[in-house]
Amino acid sequence: QVQLVESGGGLVQAGVSVRLSCAASGNTLRMAMGWFRQAPGQEREFVSGIFGSITKYSDAVKGRFAISRDFAKNTLYLQMSNLKPEDTAIYYCAATKLIPITDIATAEGQYDYWGQGTQVTVSS
């Protein structure tokens, strides 16, 4: 069984950088992992995913966010730069057993394990 615990969120001002962490327990070595977010009143949306050297980003964060993994620590990261008020959301870490053939999964239903989420609030 895989368990995921996010950390690193908080209240920040626009323009700053923040790094989210997702500590995993269980074997995630052969899993793709990703970050999703859910803003108030909106559906949860894909932010970024990673499997090996393959990464994927939503258009909203491309060029500002960077995803990475530390297998030794079994931890997933999301480095968020130049944060904007529209980045305000609960950020969720997720893992999927679905191995990407051509692309990383971006649909919520394709992910098998989820963390509890961490709130990121960006003030203008």
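The values are calculated or read from the model by the stated rules, or taken from the named source; none is laboratory data. As the structure is a computational prediction, the values presented were derived from the model and not from experiment. Note: ideal-geometry Cβ built from the backbone for every residue, glycine included; neighbour counts use all protein chains shown. SASA here: full protein model, heavy atoms, side chains in, ligands and nucleic acids out. Shrake-Rupley method; radii C 1.70, N 1.55, O 1.52, S 1.80 Å.
The figures follow:
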read-out: Charged-residue dipole, Cβ positions (Lys, Arg, Asp, Glu), the stretch 37-103 about Cα centre, Debye nearest 20; value: 200
read-out: Diffusion constant of the stretch 1-68 at 25 °C, which comes from Stokes-Einstein with the Kirkwood Cα-pair radius and 0.890 mPa s, µm²/s; value: 180
read-out: Listed residues LEU98, GLY15, LEU29: farthest to the positive end of the dipole of the chain (Cβ charges); value: LEU29
read-out: Cross-link reach list, aspartates and glutamates versus LYS62, counting only Cα pairs under 15 Å and skipping chain neighbours closer than eight places; value: GLU45, GLU86, ASP87
read-out: Protein-only accessible surface order, largest first, of VAL47, VAL18 at 1.4 Å; value: VAL18, VAL47
read-out: Cα gyration tensor shape of the chain, rounded if a/c is under 1.5, else prolate or oblate by comparing a/b with b/c; value: prolate
